[in-house]
Number of protein chains: 2
Amino acid sequence: MINKLIENIKKTNAPIVVGLDPMLSYVPQQVQQKAFAEYGETLEGAAEAIWQFNKAIVDATYDLIPAVKPQVAMYEQFGVPGMVAYEKTVAYCQEKGLVVIGDIKRGDIGSTSEAYAIGHLGQVQVGSKKYAGFHEDFATVNPYLGSDGVKPFLKVCKEEKKGIFILVKTSNPSSGEFQDQLIDGRPLYELVGEKVAEWGSEVMGDSYSYVGAVVGATYPEMGKVLRKVMPKSFILVPGYGAQGGQGKDLVHFFNEDGLGAIVNSSRGIIAAYKQEKYAQFGAENYADASRQAVLDMVADIDGALKAR
Amino acid sequence: MINKLIENIKKTNAPIVVGLDPMLSYVPQQVQQKAFAEYGETLEGAAEAIWQFNKAIVDATYDLIPAVKPQVAMYEQFGVPGMVAYEKTVAYCQEKGLVVIGDIKRGDIGSTSEAYAIGHLGQVQVGSKKYAGFHEDFATVNPYLGSDGVKPFLKVCKEEKKGIFILVKTSNPSSGEFQDQLIDGRPLYELVGEKVAEWGSEVMGDSYSYVGAVVGATYPEMGKVLRKVMPKSFILVPGYGAQGGQGKDLVHFFNEDGLGAIVNSSRGIIAAYKQEKYAQFGAENYADASRQAVLDMVADIDGALKAR
């Protein structure tokens, strides 16, 4: 799947990923009202609204982008119907040829971690049959529990040729509380980055590992260091746009080959129509606003990479 | 909800929690076959099997225990039907008067963490209505992202009078890889424990905080230290039984008042019928074996606490 991700990036010339994190407040009134008319103001109605919202954005952008990253929390908040919309979104994006990174940030130990890996990346045995529950292509994983939490994911990745992105240095203001703490003079995130490189060496694609890392766009200097610590790992970079990161901050997340990073934008793309910059599209044409926001983001990153 | 947990513990005199982590391999053949006869060898069939398995164990033990801890990964592996079984299990245990600790180990930032908190402990707004998606009473939370990840949970806990248990020192062999790293001479888990005490001071029940901690039974000496670092936090203690912890290892997790800890056993209770010790019950009477295993666990811990 890392090979397919790279292929998709080369095809689109867009090292970006659209975060499908649909807050109900992002969904234009006409979409909400149509869903509520059919299902009522219920969890099913909310799930229908975010699914229709996603579908229109995917239809308007899929030819420009290599991948999407649905944030499962935004679906999980609507209970079981939300999870139905999540699975439907994953399946639809895959039909459109997109790589799907499930932003699930799971992490546990042993058989429990294996159950997460199976549910999201693998197949579960039921009697004589096998089923893929949520069937994402990649998943994000929390490293706090150490190798016992990560190795079951590696096993499933190897079997299924799928991948993971491990949280190393997250984009939020308080990420330093634990991640920046110095251990023998070096921050914890570097130690985690070294483990990512080590775990990743066990599961290599053609040029990059199945094991990537999450490093926030909001910490470009740390990204520069981590790029060197994990040369064969793709870095998934959140924090672009709404969280403050810009194209010029991102150049050091990439390798010399122009690969090695994929930059996420969620709100900046899917709720573009709410920004002054894209206001002329109007809430009716929210998906067109998203398309324009994708084009602008790709140009920003491309410009920054060419100028380096 | 921390008050209700304490009340339930006093009523049952059992500071334990039964981990409802149903691997399909724990579910006796007759239960699987009945479910598959009705739904086929499908995800729905598997979900029905684990639900019926859970229900029988809850029916056989609910009068002896204060709380259960379903591990969501074991349900999530069966996709959407698994999540239906999870929600059904949560609701059924609550009907029986049990406190439900959702072992979800979620953790993200800002609005995403809030979405998890809302989906599992709170209520989501849909138009003019509100719905509680998975409605657990407590949830486990991963601290790697720092305060930005935890505070949205605190907000929802305050509103709903619910609680969380934050991973501090997990029970697995490799938990030390990151958690034991020394920062200014003190391990990371202590620093996390201090933050738990700080976060917990904002949301106090009558005698204990809404914010508890997870500390593995397999690390009794660390439990002793952490007990002092977080005097007002309940400690959820996994690792008893199958993972090697015993009653005598657990005494230092408790405060002088005999409270402050709740010990989890999963496999040791729900798959008791597979142990030689309980083999006389047979697979037919698996729920009775679970009941006996609960009685034995309570006696072991009670004995250890009396002997201290």
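The values are calculated or read from the model by the stated rules, or taken from the named source; none is laboratory data. What you see is a predicted model; the values in this text were computed from it and never measured. Counting neighbours? That spans all protein chains shown, and the Cβs are built from the backbone with ideal geometry, glycine included. Calculation scope for accessible area: heavy atoms of the full protein, side chains included, ligands and nucleic acids excluded. Shrake-Rupley method; radii C 1.70, N 1.55, O 1.52, S 1.80 Å.
So here's what we get for this one:
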| quantity | calculated |
| --- | --- |
| Estimated inter-spin distance, A:N13 and A:E276, nm [label 7 Å along Cα→Cβ] | 3.2 |
| Solvent-accessible ranking of B:E160, A:E284, largest area first, probe 1.4 Å | A:E284, B:E160 |
| Computed helical MRE - 222 nm, chain B, DSSP H runs ≥ 4 contributing -39500 (n - 2.57), nearest 500 | -14000 deg cm²/dmol |
| Flagged links, alpha-carbon separation over 25 Å, of B:K88/B:K224; A:K34/A:K105; A:K69/A:K96; B:K151/B:K228; A:K34/B:K88; A:K105/A:K129 | B:K88/B:K224; A:K34/A:K105; A:K34/B:K88; A:K105/A:K129 |
| Computed E for B:S174/B:E194 - FRET, C-beta separation, R0 25 angstrom, nearest 0.05 | 0.60 |
| Pairwise FRET efficiency - A:R186 versus A:L295, Cβ, R0 = 35 Å, nearest 0.05 | 0.30 |
| 1.4 Å probe, heavy atoms, protein only - residues of region B:144-160 losing at least 40 Å² accessible area vs chain alone | B:Y144, B:L145, B:D148 |
| Share of carbon and sulfur in the accessible heavy-atom surface of region A:101-167 [1.4 Å probe, %] | 49 |
| Exercise: per-residue mean of other protein chain Cβ atoms within 10 Å, A:117-125 | 4 |
| Local electrostatic count, A:L182, Cβ distance below 10 Å [Lys/Arg +1, Asp/Glu -1] | -3 |
| Share of alpha-carbon pairs per 10 Å distance bin for region B:198-255, given as whole % | 26, 49, 22, 3 |
| Rounded if a/c under 1.5, otherwise prolate or oblate - region B:65-108, Cα gyration tensor axes | oblate |
| Distant alpha-carbon pairs in chain A (separation over 23 angstrom), percent | 55 |
| Shielding by partners - mean other protein chain Cβ count within 10 Å, residues of A:182-190 | 2 |
| For the protein assembly as shown, convex hull of alpha carbons as volume per residue, Å³ | 138 |
| Prolate/oblate/rounded call for region A:1-58, Cα gyration tensor, a/c under 1.5 rounded | prolate |
| Solvent exposure of region B:1-120 as accessible area per residue, Å², 1.4 Å probe | 29 |
| Computed accessible area, B:E202, all protein chains, 1.4 angstrom probe, square angstrom | 90 |
| P(r) histogram, all alpha-carbon pairs of region B:188-308 included - 10 Å bins from 0, percent | 14, 39, 28, 14, 4 |
| Two-decimal Rg/Rh across region A:254-308, once Rg and the Kirkwood Rh are taken from alpha-carbon atoms | 1.09 |
| Summed buried accessible area for A+B [probe radius 1.4 Å, Å², rounded to 100] | 5600 |
| Per residue, in Å², the accessible surface of region A:170-232 once ligands and nucleic acids are set aside, probe 1.4 Å | 38 |
| Pairwise label distance in nanometres, A:K306 with A:Q33, each label 7 Å out on the Cα-Cβ vector | 4.4 |
| Chain B, relative contact order in percent, only Cα pairs under 8 angstrom and at least six apart counted | 18 |
| Within 10 Å of each Cβ in B:79-89, the average number of Cβ atoms from other chains | 5 |
| Percent of C-alpha pairs per 5 Å bin, region B:90-223, short to long | 2, 10, 19, 22, 19, 14, 9, 3, 2, 1, 0 |
| Sequence ranges A:227-234, A:301-308, ranked by mean other-Cβ count within 10 angstrom, highest first | A:227-234, A:301-308 |
| Residue-level accessible surface for A:E44, protein heavy atoms, 1.4 Å, Å² | 90 |
| Cα-derived Rg to Rh of region B:29-130, Kirkwood definition | 1.03 |
| Of all DSSP beta bridges in chain A, antiparallel share, percent nearest 5 | 20 |
